[in-house]
Every structure is written in C-alpha cells, then in structure tokens.
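Read through the structure below, which is laid out as structure tokens, and then see the notes.
The values are calculated or read from the model by the stated rules, or taken from the named source; none is laboratory data. Quantities reported herein were computed from a predicted structural model and do not represent experimental measurements. Glycine gets a Cβ as well: all are built from the backbone with ideal geometry, and neighbour counts include every protein chain shown. Heavy atoms of the whole protein, side chains included, go into the accessibility calculation; ligands, DNA and RNA do not. Shrake-Rupley method; radii C 1.70, N 1.55, O 1.52, S 1.80 Å.
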Amino acid sequence: MVAVDEEARPGPSRRTVLQGAGLLVALTGVAGLSAAGCAAPEGPDELEGPLAAARADAAAAGAAGAAFPELADRLPPLADARRAHADALAAEIRRARPDRAPAVDAPPPAAPAPASAAAALAALRGSLGTARDGAGAVALTTASYRCGLLTSIAASCAGLAVVLA
C-alpha cells in the first residue's frame, strides 16, 4: 500500500466533498417539503362558521334589545361579548388567510325582529348552545394556537346561555 499525503493533494478532500453533497441533498429535501407545505389552502377558513355565528348572535341580541325594553339591560353585554368574539375570529382569519379577507369583511345579514321577549331569549339561548358546540368541535381538529381562541369562545357562549336562563 502506498500512503497518500492528504495535505499534498490539491483541492478539497473526498470527505469534504461527500459532506457537502449530503448537506446539499438534505437542504434540497427540506426546501421541497417547505414549498409543498406553503400551498395556499382553498375554500373557506374553518373559523368562518364560528365568525358567522358570533355576528348573528350579536345582531340578534341587538335587535331583541331594541324591540323589547325589558331586555335592554340584559342583552348589551351578550352583544358586546359576541362582537368581541367576531372581532377576534376575523383578525385570526385575516392573519392566517389574507385571501379570505373579502368574505370576512362582508357585512353580516340583518337580524329578524323576534316575536316576543321570551322567544328572543329562547332563540338566543339555542343559538349560544349551537355556537358553543360548533366552536368546541372545531377546537378539537384545529391547530393548537387556534384551539385556545375557540375554547374560550365556547366557554363564553356556555356562560352567556346560563346568564340568559
């Protein structure tokens, strides 16, 4: 066997070349995976359902409070809370999905006038229960940073429904 003096050889060593090639392959793979994960999702954002529910509840509470003076002191806190929910959900959708901003910024539909104060309270309790269940269901399948927002909204809806009872 003939010993080869590595320092006498011109250029990089074989080990350096192999390490560089390995690093290049690894970086190419990571870049490919990153590019695949960066594709914009299509369709509505999963938070648009809870957003629509929050806006509808706020509008219904406002309409019922305006229609029935005996409810005027009970419903503004509910409307304010549901508006705050809607604002937080809209902000998250705009942050995560700027392409959905036109849908998020569309004005909510007008709430129909309730037939009676009792009917308004019953409808709001039912709507809050549905919103609680819907936010909880989405929280189970969403990213962890959105889960906190949704569980907070679900808990708030549960509390608001109890206050209306």
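List of remarks:
- Extension gain (nm, one decimal) between ALA110 and ALA96, 0.36 nm per residue minus Cα-Cα: 2.3 nm
- Pairwise centroid distance, computed over Cα atoms, of region 43-65 with region 103-118, Å: 8
- Between ASP133 and ALA67, the modelled labels are 2.3 nm apart [label points 7 Å from Cα along Cα→Cβ].
- Accessible-area value, GLU70, 1.4 Å probe, nucleic acids and ligands omitted, Å²: 110
- For region 93-98, putting each phi into the Karplus relation 6.51 cos²θ - 1.76 cosθ + 1.60 with θ = phi - 60° gives couplings of 5, 4, 5, 7, 9, x Hz, in residue order, rounded to whole numbers and with x for Gly and Pro.
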